[in-house]
Amino acid sequence: MHDPNSTCGLLTLLTDFGTSDGYVAAMKGIAYGIADCIRIVDITHEVPDQDVFRAAVILKQVAHHFPPGTVHVVVVDPGVGTHRRPLAVEARGQYFVGPDNGVLALAAPAPRRAHVIENTDLMRSDRSDTFHGRDIFAPVGAHLARGVDVARVGPEVEDMLDLAMPRPVFHRDSIDAEVIYADKYGNLMLNIDEGDLEGIDPASMQTTISGFVIEQLRSTYAEVEIGELVVYLGSSGYLEVARREGDARHYLGAPRGTRVVIRHAPR
Amino acid sequence: MHDPNSTCGLLTLLTDFGTSDGYVAAMKGIAYGIADCIRIVDITHEVPDQDVFRAAVILKQVAHHFPPGTVHVVVVDPGVGTHRRPLAVEARGQYFVGPDNGVLALAAPAPRRAHVIENTDLMRSDRSDTFHGRDIFAPVGAHLARGVDVARVGPEVEDMLDLAMPRPVFHRDSIDAEVIYADKYGNLMLNIDEGDLEGIDPASMQTTISGFVIEQLRSTYAEVEIGELVVYLGSSGYLEVARREGDARHYLGAPRGTRVVIRHAPR
Amino acid sequence: MHDPNSTCGLLTLLTDFGTSDGYVAAMKGIAYGIADCIRIVDITHEVPDQDVFRAAVILKQVAHHFPPGTVHVVVVDPGVGTHRRPLAVEARGQYFVGPDNGVLALAAPAPRRAHVIENTDLMRSDRSDTFHGRDIFAPVGAHLARGVDVARVGPEVEDMLDLAMPRPVFHRDSIDAEVIYADKYGNLMLNIDEGDLEGIDPASMQTTISGFVIEQLRSTYAEVEIGELVVYLGSSGYLEVARREGDARHYLGAPRGTRVVIRHAPR
């Protein structure tokens, strides 16, 4: 049981609800009613409507920066009101609560313990069919944040839905990659991380995107002139394409899914 | 007096200030300076400029999800600097602080105790004529959240301004209703709640809006196909018109005030 | 050293990161991992990209409303990844953390103690070249908020960069001023404060901007008719030009830098 004198945990919220209505605040009110001592942090509520993939990528980028025990509640849920399962997942020392539609999968990879939420004692008694964020996910998250054992939410399941992160294709002297995320600056994140570049000479790299060729792997965009394109390992851990003091997404016309070819020589 | 060792309360903020300037943060700084231990929750700051009715509806939807004792500070205040009165109201076990222009009326219906804020000890000493949110409402809210008795703010009044929520007109086999709120998804909320539909056969309901006829009362939008219109009791407690995975407001060209006719047969 | 039983401080965040990505949340996660007991307040994250001047003005308007000991972390940082220095500054009983590009200068004027951040024990161990907000400024801010002495961050420096706030020019019976800030309502703030108007007869003031002449100094916009222009001492402490229930910036076509002439007679 929760010791009321102990500090209780952090609860984060990640939704596509926007902040112009009262939906996010309703979730917070319910959560504070259950766990007076929690701190609540907004990750973002500006996920484009029902964009499960984008929410999953943001959660993966951010979750590991929070302390152990943090509870992440995610409500990007096109299937609310259908038979998709509500889940509470323990992975990497944190908790992830949301629908079983892949949105938790990148941040909470195996090994993990996924439980289907069935225990109505941990939900609002008066539940709607359209707002599980308020009626199921926020209250369950708040209970976890105050120390309730995740096993109490419901039975463990083995078949939590995963999310297909597109994998790069590795050739002898090139990699076929793609854009997986564009941030508000128009910086483009690729499905390539530091490990994928092992043994490659940074100075040999040639990145082709939308017909543009970008030379070298830089360590920061400050190494190129204003307006120039640049490739570097971003703060997210992924390879990024940016335009210094500009918007690479618009400049290149390169939305998510845009193909990128990286030619290279060995170190 | 407030025991500094006790946990103190929740303070919510609901304004039309936006979040691109420092106005909301100034209110928070002042509130924390008065009550170090409070938690502050933003309801929304994106109310359209001076839209008292919309703010009142959002507050009504959300306030009751917060724990007893929560203090709600609302600053949608076209009359700042005129003779409209500043109020602190106790209703339903919570507190509501804001201008006497109706914005508190839907969330804080009678029976209530409304006090005019006159006690300058609970305000900022250096008060402007244009920013009562910072100089009067936030500090009074913070004092209430740390346990100050609402009677200390000033004398009780009986003539707090109410807000005219349009009432539906009930005929023998139809109801004349209207749209009172559209959320960011374009879901339309009507001035009809669950009680208004008592004794009506859900399968018999025919809702006419902007020339479209929508059959039946559903329990969730997942019961219709993508792109179809649907009528259901929303999570707000009101009857809602939505378009599954679409925007009913734009599709129907149906802003607030749009007339809706609901034909029905008895259960 | 920090007493874990004491309440620890407030940390504010002011950036140009927006809230649609996970950048701000990453900073908060890191900060809470260092200082479990802090409260975090967003000032705004909607500063236009790299607009150091606007961020500096917002910080100046807001910082002094927070309690003593508050730590303000500002990340509007066009020079990230270059040789610009990271600073932690003590001024007016508060702390200011951010890049040495002038963004802290208006809120933290002399006398102040500015320290260059060099102590890697107070940073993330795994630092990027592109996200010092997460890797340097948020962790240093969190350490200060939990009571670490500012002298521990690094050596004191005397040459912290200042920011040129344009000064008005005072003639015998007029002042040449300019617009320094426009808020979301389109209210225009000038580089004139209460002290600058000493000895002037408010009724004699004639403010000329974009060819419009505005009579008198009012105490609030409620003193003029809807749609009329008005000049008053704003809640920010600066002289402001507004259009009652309208947007003066758009109406006058008057962005930051617009020249304003104020004619006046002595009191």
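Amide H to amide H distances under 5 Å link C:GLU178 with C:ASN191, C:VAL260, where only residues 5 or more positions off or on other chains count and H is placed in the peptide plane.
Applying the criteria of a DSSP loop state and at most 14 other Cβ atoms within 10 Å to the GluC sites (Glu not before Pro) of the stretch A:102-171 yields A:GLU118, A:GLU158. Converting phi to 3J(HN,Hα) with the Karplus coefficients 6.51, -1.76 and 1.60 and the offset θ = phi - 60°, the stretch B:195-207 yields x, 5, 9, 4, x, 9, 7, x, 6, 8, 5, 10, 9 Hz in sequence order, with x at every glycine or proline. One equal scatterer on each Cα of the stretch B:106-258, no solvent, Debye formula: the resulting log10 I(q)/I(0) at q = 0.11 Å⁻¹ is -0.63. Inter-label distance, B:ALA203 to C:TYR251: 6.0 nm, where each label sits 7 Å from its Cα along the C-beta direction.
Here are some pairs, B:LYS28/C:LYS184; A:LYS60/B:LYS28; A:LYS184/B:LYS28; B:LYS184/C:LYS28; A:LYS184/C:LYS28; which of them have Cα atoms lying more than 22 Å apart in this structure? Going by Cα-Cα distance, A:LYS60/B:LYS28; A:LYS184/B:LYS28; B:LYS184/C:LYS28 fall outside the 22 Å limit. Each Cα pair of the stretch A:111-187 feeds into the Kirkwood radius, which the Stokes-Einstein equation turns, at 10 °C and 1.306 mPa s, into a diffusion coefficient of 98 µm²/s. Between this copy and the others, label points of C:ARG259 are 5.8, 5.8 nm apart in ascending order, each placed 7 angstrom from Cα in the Cβ direction. In order along the stretch B:164-173, the phi-based Karplus estimate (6.51 cos²θ - 1.76 cosθ + 1.60, θ = phi - 60°) of 3J(HN,Hα) comes to 7, 7, x, 8, x, 10, 9, 9, 4, 10 Hz; Gly and Pro are listed as x.
Using a label point 7 angstrom from Cα along Cα-to-C-beta, what distances in nm, from shortest up, separate C:HIS83 from the other copies? Once sorted, the set of distances for C:HIS83 reads 6.7, 6.7 nm. Distance from the alpha carbon centroid of the stretch C:135-149 to that of the stretch C:81-124 works out to 11 angstrom. Taking a ≥ b ≥ c as the square roots of the eigenvalues of the alpha-carbon gyration tensor, the protein assembly as shown is classed rounded because a/c is under 1.5. Taking the label point 7 Å along Cα→Cβ, A:LEU161 and its counterparts in the other copies are spaced 4.8, 4.8 nm apart, in ascending order. Computed from backbone phi with θ = phi - 60° and the Karplus coefficients 6.51, -1.76 and 1.60, the 3J(HN,Hα) list for the stretch A:218-233 is 9, 9, 6, 5, 5, 7, 10, 6, 4, x, 7, 7, 8, 10, 7, 7 Hz; x is used for glycine and proline.
Here the alpha carbons of the stretch B:12-158 define both size measures, Rg and Dmax, at 13.4, 38 Å. Figure legend: label point modelled 7 angstrom from the Cα of C:VAL157 along Cα→Cβ; residues of the stretch C:58-95 with amide N under 14 Å from it are C:79-90. Rounded to the nearest 20 debye, the dipole magnitude of chain C is 80 debye, with +1 charges on Lys and Arg beta carbons, -1 on Asp and Glu beta carbons, and the Cα centre as origin. Label separation (A:ASP121 vs B:GLU194): 2.4 nm, computed from points 7 Å beyond Cα along the C-beta direction. Length, then width, then depth: along the principal axes, the Cα atoms of chain C run 60, 38, 37 Å.
Against chain C, whose longest principal axis is taken from its Cα atoms, helix C:23-34 shows a tilt of about 50°.
Axis angle, to the nearest 10 degrees, between helix C:52-63 and the longest C-alpha principal axis of chain C: 90 degrees. Here's how it looks for B:VAL73: its modeled amide H is under 5 Å from those of B:THR12, B:LEU13, B:LEU14, B:VAL97, which are all 5 or more places away or on a different chain.
Values quoted throughout were computed directly from the atomic coordinates according to the rules given, and no laboratory measurement underlies them. As the structure is a prediction and not an experimental result, all values here were calculated from the model. Note: ideal-geometry Cβ built from the backbone for every residue, glycine included; neighbour counts use all protein chains shown.
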